[in-house]
Amino acid sequence: MSNDVLVHVRNVEKRFRRGSEDIHVLSGLSLEVPRGEFLALMGPSGSGKTTLLNLIGGLDRPTGGSVEIEGERIDGFSDRKLAAWRARHVGLVFQMYNLLPVLTAERNVDLPLLLTHLSRQERRRHVEAALAVVGLSHRARHFPRQMSGGEQQRVGIARAIVTDPTLLLCDEPTGDLDRKAGDEILDLLQVLNREQGKTIVMVTHDPHASARASRTVHLNKGQLSTEAVP
Amino acid sequence: MNWLVQVVEVTGFALQTLLTRKGASAATVIGIAGVVAVLVGVLSIGQGFRKAMTVSATPDSVIVLRSGADSEMMSGLSRDETRVIADAPGVARGASGAAVSAELFVVIDLPKRSTGTDANVPLRGVEAGAFEVRRNLEIVQGRNFEPGKNEVIVGAGAAVEFAGLDLGKTLRVGQNDWLVVGIFTAEGGIAESEIWTDAGVLQPAYRREDSFQVVYARLTSPEAFDAFKDALTTDPRVNVKVLRQTDYYADQSSTVYNMITGLGTLIASLMGLGALFGALNTMYTAVSSRTREIATLRALGFRASPVVFSVMIESMVLAFLGGGIGSAGAYFAFDGFRAATMNWQSFSQVAFAFEVSPSLLLQGMLYAAGIGLVGGLFPAIRAARLPISVALREL
Ligand SMILES: Nc1ncnc2c1ncn2[C@@H]1O[C@H](COP(=O)(O)OP(=O)(O)O)[C@@H](O)[C@H]1O
Ligand SMILES: [Mg+2]
C-alpha cells in the first residue's frame, strides 16, 4: 500500500557553493522507503550518502525537490520547527557515536527526553528500557571514556531509540568498529527492525553490513541505482 | 520541554566541560583579574584623592577669595576687607566666638621621609575662628599653638609624609624657627596635609604686613549661603567671590582627579583589549572544541539560542570569576594604602589614602562583565550560525 511509504524523497537536488564553484551532489534523486524497511545506502566516498541522510533527517534542506516523511513535507520547515520535528520523529546514530564526554551513559541517553514533557520518573523508565534493549544496563553510570567503541555505539543507539522514533538514521554506524563489535551493532539494528518495527536507513561502505539490510541502494554521481556501479 | 530547561541543561554541560579545560580557563580568569585589579587600583587613587579633598568640607562652610582668584594661592585680601566679610549676615557663632577665620597661605619646602627629596607643604596662618569653622579638627597629640608664638600644629598626613614634623621638634624655614607643639586630624581631610600656625605670627615672618589671602566661615545653615553671598558681592567696600567649600574643593581636586581617572581608564582600556582577546580566544577554543558536541545537541533537537546562551553564560562565569578575584585583590592590596601627591592647583602635597569604594568594585565587575560579554558573543554566534550538517563533519 502506498500510504505505507514512510519516507518519500521526490526529485531532490542538493547543490553546495564552494567559492565560485557550484557542487551538484544530488541531482533529481527520488527514493521511497516503506514503513518497516531496513534500507542500506551504499556508494563511494563523497558520493553524497551523508547529504541524502541529512535531508531525510531534517538536518539540512534540499535546494530542489521535496522530502516527505509520514505524509509531512519537512523541506519547508523553519529551523525551529525542524528541531522540534527531529526531536519527535528521528533517531540519529553517528559513526563516531557523538556522546557527550562529561555525561554518563544514562545521562547521554536521557538527552533527547529533556526535549519532551515527560516527568523525571517517566524519563528514568525510558532510559532504563533503552539501555536494557542495547544490553548496557550495567554500564549506566559509566562515562564514554570508560567504554569500548562498541559499547559507546550501543549507548548511541539507546539514545536514538529512547524517544521511540519511527525512523532510525544511521551514518556508517560500524565504520569505526572492528568486525566483532560491528556485528553486534548490526545484530542490534536487525532486532530493532524486526521486533520493534523500526524503519532504518543505514549508510555504509561495508557489503558485510549491507547484507543485513532488507534492501540496498547505491548512490553514484547524484543518482540512485539498485546495482553498484563498478 | 521549555527553552529555559534547554538553557540550563546545555549550560550545565558547558560548565562541566569548562572544568576539563582548566588551563585555558584559568589563563582567562587571571587575565581578566589582572585588568580589573589595575583598573580598580588606579581609580582608587583618584577616588582617595578626591575624598581627601572633599571629606572635611561641609555644605554650610564657605570660602571667600578675591574676585578673579581661582585658588587661595592667587587670592589676596586686606584686613579691612576681612572685617567686612566677618560682619556679613549668616555667619555662625560658636562657643569661642564667630565661626570665621581670615587666613594666609604660604608654601614651604620639606624633605619627604620616603625619598628625602623636597616637596611643597602648605603652612597656613589662621585666626582663632578657624577651629569654629572646621569643627572636625582634633588635636590628637600635644596641644594647640599659642597665639603670638612661633608654634605650629601639624596635620597627621603631613606628619607621616615629611621628615622633621615630630612633636617637640623645631622646624627651621628660612629665618624662622617653628616649634611643633601638636598633631591634628581632620577626618582624613585636606587639612591633614597642612601645617597651621597663628596668622598674626605668620604675617610678619613672611612680610605680609596686615594682609590675608582668604576668609573661611561657617554659616548658620547651608541655606544662609545665598544671603551671605549676595551681601558681599553687592557690597562696594569689597571685591570678592564667595564659594561653598564643597564646590571649591571639588574644583580644586578636579585636575588631579581627572588626570588619574583618565590615566587609569586608559591603562585599563589597553589592558582590557588584551584580556578581551584572551577571553575571545578561550571562548573560540571552548566553542570549537565542542563544535561537534554542540552540533550533536542541535541534531537531537536542541535549539540554537540555548547554545548561544550557554556560551555567553560560560564566558560570563569566567569573567565574573576574574572580576571577583581582581576586585578582591585590588581591595586587599590598595584600600587604605597611604600616599601623597602634588595637587597642581594648590602647588602643594596632599596626603591621602587609596579608596577602593563599593562603586569602584562595581565598576570593576561591570568591566569584567563587558569583557565576558563581548568575548562570548562572537563565539556563541558562530556556534549557532554554523549549519548542523557542516558542524557534524568537524572533528
Ligand atoms: N556543506 C558543504 N559544503 C560544501 N561541500 C559539501 C558540504 N557538505 C558536503 N559537501 C560535499 O558534497 C559531497 C558529498 O558529501 P557527503 O554527503 O559527505 O558524501 P559521503 O557521505 O557519501 O561520503 C562531497 O564532495 C562533499 O565534499
Ligand atoms: Mg558520509
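Within region B:74-85, restricting attention to residues that are crowded, with 18+ Cβ neighbours inside 10 Å, out of contact with any helix residue (DSSP H, G or I) (no Cβ under 8 Å at 6 or more places or on another chain) and not β-branched (Val, Ile, Thr), the residue that is farthest from B:Leu123 (Cα to Cα) is B:Glu81.
Here region A:184-206 is the region considered, the condition is being within 16 Å of ligand 1 (Cβ to nearest atom) and not hydrophobic (A, V, I, L, M, F, W, C), and the residue that is surrounded by the most Cβ atoms within 10 Å (Cβ to Cβ) is A:Thr204. In region A:159-181, the residue that is farthest from ligand 2 (Cβ to nearest atom) out of those that are more than 14 Å from the chain's Cα centre (by Cα) and among the hydrophobic types (A, V, I, L, M, F, W, C) is A:Ala181. Would you call B:Ala231 surrounded by 14 or more Cβ atoms within 10 Å (Cβ to Cβ) and in a helix (DSSP H, G or I)? When the stated conditions are applied, B:Ala231 passes them.
Let's see how each residue does on (1) within 25 Å of the chain's Cα centre (by Cα); (2) buried (at least 23 other Cβ atoms within 10 Å of the Cβ):
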site	(1), (2)
B:Thr20	no, no
B:Gly23	no, no
B:Ala52	yes, yes
B:Ser71	yes, no
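Conditions (1) within 16 Å of ligand 1 (Cβ to nearest atom); (2) aliphatic (A, V, I, L, M), marked per residue:
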{"residue": "A:Asn54", "(1), (2)": "yes, no"}
{"residue": "A:Leu59", "(1), (2)": "yes, yes"}
{"residue": "A:Ser66", "(1), (2)": "no, no"}
{"residue": "A:Arg73", "(1), (2)": "no, no"}
{"residue": "A:Ser78", "(1), (2)": "no, no"}
{"residue": "A:Leu82", "(1), (2)": "no, yes"}
{"residue": "A:Ala87", "(1), (2)": "no, yes"}
{"residue": "A:Met96", "(1), (2)": "yes, yes"}
{"residue": "A:Glu106", "(1), (2)": "no, no"}
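Contact map, region B:368-395: first residue assigned by TED's automatic domain parsing to the domain that holds B:Phe302, second residue at pLDDT below 85 and of a type in the set (Asp, Glu), Cβ cut-off under 7 Å, separation 6 or more or different chains; pairs are B:Gly376/B:Glu314.
Among residues of region A:207-220 being away from ligand 1 (no atom under 16 Å from the Cβ) and under 19 Å from A:Gly36 (Cβ atoms), the one that is surrounded by the fewest Cβ atoms within 10 Å (Cβ to Cβ) is A:Ala211. Going by what's in this entry, would B:Leu280 be described as touching a strand residue (DSSP E or B) at 6+ places or on another chain (Cβ under 8 Å) and at negative phi? When the stated conditions are applied, B:Leu280 does not pass them. Screening B:Gly148, B:Gly188, B:Gly155 for residues that are surrounded by fewer than 16 Cβ atoms within 10 Å (Cβ to Cβ) and either not assigned by TED's automatic domain parsing to the domain that holds B:Ala102 or not charged (D, E, K, R) (or both) leaves exactly one candidate, B:Gly148. Selection over region A:169-182 of residues that are more than 16 Å from ligand 1 (Cβ to nearest atom) and either surrounded by 24 or more Cβ atoms within 10 Å (Cβ to Cβ) or of a type in the set (Gly, Ala, Ser) (or both) gives a count of 2.
Select from region A:97-131 the residues that are over 19 Å from B:Ile294 (Cβ atoms), free of Cβ contacts under 8 Å to residues at least 40 places away in the same chain and of a type in the set (A, V, I, L, M) and list them in ascending order. Answer for region A:97-131, where residues must be over 19 Å from B:Ile294 (Cβ atoms), free of Cβ contacts under 8 Å to residues at least 40 places away in the same chain and of a type in the set (A, V, I, L, M): A:Leu118, A:Val127, A:Ala129, A:Ala130, A:Leu131. Condition first: small (Gly, Ala, Ser) and within 16 Å of ligand 1 (Cβ to nearest atom). Now tell me which residues in region A:33-52 satisfy that. Passing the criteria: A:Ala40, A:Gly43, A:Ser45, A:Gly46, A:Ser47, A:Gly48. State all residues of region A:100-118 that are within 15 Å of B:Leu4 (Cα to Cα) and not in a helix (DSSP H, G or I); if no residue qualifies, say none. Listed by number, the residues that qualify are A:Thr116, A:His117. So which residues in region A:1-26 are free of Cβ contacts under 8 Å to residues at least 40 places away in the same chain, away from ligand 2 (no atom under 16 Å from the Cβ) and in contact with a Lys or Arg (Cβ under 8 Å, 6 or more places away or on another chain)? A:Asp4, A:Val5, A:Asp22, listed by residue number.
Residue-by-condition table, conditions (1) surrounded by fewer than 19 Cβ atoms within 10 Å (Cβ to Cβ); (2) away from chain B (no Cβ under 14 Å):
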residue: A:Ser27; (1), (2): yes, yes
residue: A:Met42; (1), (2): no, yes
residue: A:Thr50; (1), (2): no, no
residue: A:Glu72; (1), (2): yes, yes
residue: A:Arg80; (1), (2): yes, no
residue: A:Ala84; (1), (2): yes, no
residue: A:Ala87; (1), (2): no, no
residue: A:Val90; (1), (2): no, no
residue: A:Pro101; (1), (2): yes, no
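Where strands (runs of 3 or more DSSP E) fall wholly inside region A:130-230, the ranges with 1 or more residues that are modelled with pLDDT under 95 are A:215-220, A:223-225.
One residue stands out in region A:27-75 among those that are part of a loop (DSSP other than H, G, I, E, B) and closer than 16 Å to A:Arg15 by Cβ: the one that is farthest from ligand 2 (Cβ to nearest atom), namely A:Asp75. Scoring B:Ala286 on the criteria (1) part of a helix (DSSP H, G or I); (2) buried (at least 21 other Cβ atoms within 10 Å of the Cβ); (3) away from chain A (no Cβ under 14 Å) leaves a single failure, condition (3). Going through region B:296-323 one residue at a time, which ones are in a helix (DSSP H, G or I), touching a residue at least 60 places away in the same chain (Cβ under 8 Å) and surrounded by fewer than 24 Cβ atoms within 10 Å (Cβ to Cβ)? The answer is B:Ala304, B:Ser305, B:Pro306, B:Val308, B:Phe309, B:Met312, B:Ile313, B:Met316, B:Val317, B:Leu321. Of the strands (runs of 3 or more DSSP E) contained entirely in region B:33-126, those carrying at least 1 residues that are in the same structural domain as B:Ser221 (by TED's automatic domain parsing) and in contact with a Pro (Cβ under 9 Å, 6 or more places away or on another chain) fall at B:100-111, B:118-126.
The values are calculated or read from the model by the stated rules, or taken from the named source; none is laboratory data. The structure displayed is predicted, hence computed values, not measured ones. Using ideal geometry, Cβ is built from the backbone for each residue, glycine included, and neighbour counts are taken over all protein chains shown.
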